[in-house]
Every structure is written in C-alpha cells, then in structure tokens.
Amino acid sequence: MTPTRTGRRGMTLTDAAREFWRHPTPWLLAGALAAAVVARIALGDWRWSDAVLPVVVLAVFPFVEWVIHVVVLHWRPRRIAGVMIDPVLARKHREHHSDPRVVKLIFIPLQSLAGAFAAALIVGLVLIPRTALGVTFLVTVAAIGMVYEWTHYLVHTDYKAKTAFYRAIYRNHRQHHFKNEHYWYAVTTPGLADRALGTYPDPQTVPTSPTARNLFSRV
C-alpha cells in the first residue's frame, strides 16, 4: 500500500486542518490540553508564579527543541556495552527524512508521545511542589505540544502561508530536510536556538548534503 503523501496543489489552511485532524496525535494532545485546562480552573490557587512559569517554559523551549532534535532525533545507532541503542523516535525520524512528504511519519510516534506524557506528569505533579503550579506547567506543555505538532505538519504540506514568520519557519525546516541535515534544527521558531548555537548558516555557504534523505549512510 502506498503511504499517503501531503502533496496537493492549491492547498488551503482548511484543507490542511482537515487532514491534520484525521490523525490520532492531534486528538491526544488536544484532549490532554483540555483536561489540563479544566483541572487548572478547578484547582484555583492563582499566584504570580502561574504567569511566570509559562513565560520561562516558552523561553527555554526553543533550546529544548534543538537539543531533542540534535541528540534524540538524530541519534546515530550504536552499541553500548554490547547492546544496540536505537530508540523508536530516532528510527521514525530517519524514516521521516527518507520521505518527508509521507503524512503518518510527520507526527510524533504514539510510543514517544506516551513517554512525553509520562515525563510531563512526573515533572508537573511530582517535581513541582505546588499542585496548581504543576498543572499550569501541564497546560503550558500541552499547548506547546499542539503548536509543535501543527507547525511541523503544516511545514510538510503544500500550504503557502502569508506571514513572514511562518515563511521563515517553512524555509528553515525545508532546508534541514532538502539542503543539509546538520543545520536548521528549529521547528516552531524561525531559528532562534539555531542562531544562538551556531546551526544557522547562510544557505549559500552550505553544500547540499548527500545524506539529508538517508541519515548516516556512507557516500
């Protein structure tokens, strides 16, 4: 069976959204966000820290996204103490690079999403001492997850946005996939972390990588 691809001439935002909601991870993220918002409203106990925490998380997230992309998604399979270490997220990301237009490979793998939910719950409900603040954290993380999933999906469609902000995100991520996989790791911002961490070169100075579509292959 041929995998579904995102190609569609003249795709509108409505077309893109219709396809987006045909997949499970957007619904799981939306459900988690709705549940967290309801829980946060029910808890009350509003303090200044509930306004500060989302700002801090949003400021840090571009760098977290960069680290995950570089260290986890682009993990090179290797043996450690005789055991082959090759996480599912890295395997799926290599598949995604091999054919960036296959829709099902754009979304966060369900196993990885389950792990992310578990990690967020541990941070929010165990490591953060005030329950209400911990749920504020969960709301923030779920909202970021929705933005990430939608942005990453949209970049891989044929939708042509009107805003300069989105066009910059689109251009950078396309360069990561089709120009050189060693640069432009940002997905939800126009290269904030890339600029700070040295992976935002002038595209004219970067050679086209022969392994952008086949990570870690020998050429």
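Scan segment 41-54 for residues that are in a helix (DSSP H, G or I), touching a residue at least 24 places away in the same chain (Cβ under 8 Å) and surrounded by fewer than 18 Cβ atoms within 10 Å (Cβ to Cβ) and report the count. Steps first, please.
First pass over segment 41-54, keeping only residues in a helix (DSSP H, G or I): 41-43, 49-54.
Adding the requirement that they be touching a residue at least 24 places away in the same chain (Cβ under 8 Å) leaves 43, 49-50, 53-54.
Subsequent filtering for residues that are surrounded by fewer than 18 Cβ atoms within 10 Å (Cβ to Cβ) retains 43, 49, 54.
Total meeting the criteria: 3.
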Inset, instruction - Those residues that are touching a residue at least 40 places away in the same chain (Cβ under 8 Å), surrounded by fewer than 17 Cβ atoms within 10 Å (Cβ to Cβ) and either among the aliphatic types (A, V, I, L, M) or not in a helix (DSSP H, G or I) (or both), I need them from segment 109-134; list them, please. - result: LEU110, ARG130
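Only one of these is over 16 Å from the mean Cα position of the chain (by Cα), β-branched (Val, Ile, Thr), surrounded by 14 or more Cβ atoms within 10 Å (Cβ to Cβ) and not in a helix (DSSP H, G or I): THR157, THR189, THR199. Name it.
On the way: THR157 fails: over 16 Å from the mean Cα position of the chain (by Cα); THR189 fails: over 16 Å from the mean Cα position of the chain (by Cα).
The conditions single out THR199.
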Inset, instruction - Taking PHE137 as meeting all but one of (1) of a type in the set (Phe, Trp, Tyr); (2) modelled with pLDDT of 95 or more; (3) within 28 Å of ASN172 (Cα to Cα), write down the number of the exception. - result: (3)
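How many of the residues in segment 13-27 are part of a loop (DSSP other than H, G, I, E, B) and either exposed (fewer than 12 other Cβ atoms within 10 Å of the Cβ) or among the charged types (D, E, K, R) (or both)?
In the first step, residues of segment 13-27 are kept if they are part of a loop (DSSP other than H, G, I, E, B); the result is 21-23.
Those left that are additionally either exposed (fewer than 12 other Cβ atoms within 10 Å of the Cβ) or among the charged types (D, E, K, R) (or both): 21-22.
Qualifying residue count, segment 13-27: 2.
Yes/no matrix, rows are residues, columns are (1) touching a Gly at 6+ places or on another chain (Cβ under 9 Å); (2) aliphatic (A, V, I, L, M); (3) under 24 Å from TYR200 (Cβ atoms); (4) assigned to a helix (DSSP H, G or I):
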| residue | (1), (2), (3), (4) |
| --- | --- |
| GLY10 | no, no, no, no |
| LEU29 | yes, yes, no, yes |
| ALA36 | yes, yes, no, yes |
| ALA39 | no, yes, no, yes |
| VAL56 | no, yes, yes, yes |
| VAL72 | no, yes, yes, yes |
| LYS92 | no, no, no, yes |
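Using the structure shown, decide if ASP194 is under 29 Å from PRO77 (Cα atoms) and of a type in the set (D, E, K, R). Working first, answer last.
Working: under 29 Å from PRO77 (Cα atoms): yes; of a type in the set (D, E, K, R): yes.
Here the answer is yes, as ASP194 does meet what is asked.
The values are calculated or read from the model by the stated rules, or taken from the named source; none is laboratory data. The structure presented is a predicted model; accordingly, all values stated were derived computationally and were not measured. Every residue, glycine among them, receives a Cβ derived from its backbone with ideal geometry; neighbour counts consider all protein chains shown.
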